[in-house]
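The values are calculated or read from the model by the stated rules, or taken from the named source; none is laboratory data. No experiment lies behind these values; they were computed from the predicted model shown. Because the Cβ atoms are built from the backbone with ideal geometry, glycine has one as well, and the counts that use them run over all protein chains shown.
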Amino acid sequence: MSDFNKDEYLNDLPDMDDLSGQGAPAGADAKESHDDHADAKTDGASADKPAADAQSQQKQTGEQTDKSNDGDDKADDTLTPLGQAKKEAAEYLEALQRERAEFINFRNRAKKEQDRFRQHGIIDVLTALLPALDDIDRIREHSEMDDSFKAVSTKIDKAFEKFGVEKFGEKGEDFDPTKHEAILHKPDPQAEKETVDTVVEAGYRIGDRVIRAARVVVASPQN
């Protein structure tokens, strides 16, 4: 067994300063943990405050709506039977006027559609008969028609007039590119402006809509 040495034992013992340094971090960590916990409580309280304000505002809005509805109900309750009847009559009249306006708009749209379809049908028939009408015009211009043929051509013209078809294109009228198709320009020393010299094929239109432009020979000034 070795001998006990007092000096070596005392030298191996830790100093008080070392013990104090080791205990300080633990205390600091505890303090920081306490501070973090306090901050978390503060943040939670701040987050709960807007939610509480929103709930309070919704509650106030609901109360105002309920009060408004209650006010309307009370106003209806204060009306006499005659006043209530007048109110209902005014509501029915407003609904009737609204329905009548919608019906008038529908009727106008339907009429426009009907007129458009009718016009398309007339245009299709006229386009199909254009070659025959051109032949009738050539016969009128270059030969004498007998009475029976003249009667038939007159009936055809009246039938198209009944449906709003207008025939146009006359010699001597001013040349208009919106309704005339120039197939030839002929210089004319006496012409002061472009005019129709010869109508090769007559033009047809319905209202402002040109179905076929008149095909003409144009007399133009020489300069």
Going by the conditions given, is residue 75 modelled with pLDDT under 85, among the hydrophobic types (A, V, I, L, M, F, W, C) and in a helix (DSSP H, G or I)?
yes
Filter segment 142-195 down to the residues that are within 23 Å of residue 209 (Cα to Cα), surrounded by 10 or more Cβ atoms within 10 Å (Cβ to Cβ) and of a type in the set (Val, Ile, Thr), then identify the one that is modelled with the lowest pLDDT.
156
Kindly evaluate residue 113 against the criterion of being outside any helix (DSSP H, G or I) and of a type outside the set (Phe, Trp, Tyr).
no
Got a number for residues in segment 124-141 being over 44 Å from the mean Cα position of the chain (by Cα) and of a type outside the set (D, E, K, R)?
4
How many of the residues in segment 142-167 are assigned to a helix (DSSP H, G or I) and over 40 Å from the mean Cα position of the chain (by Cα)?
14
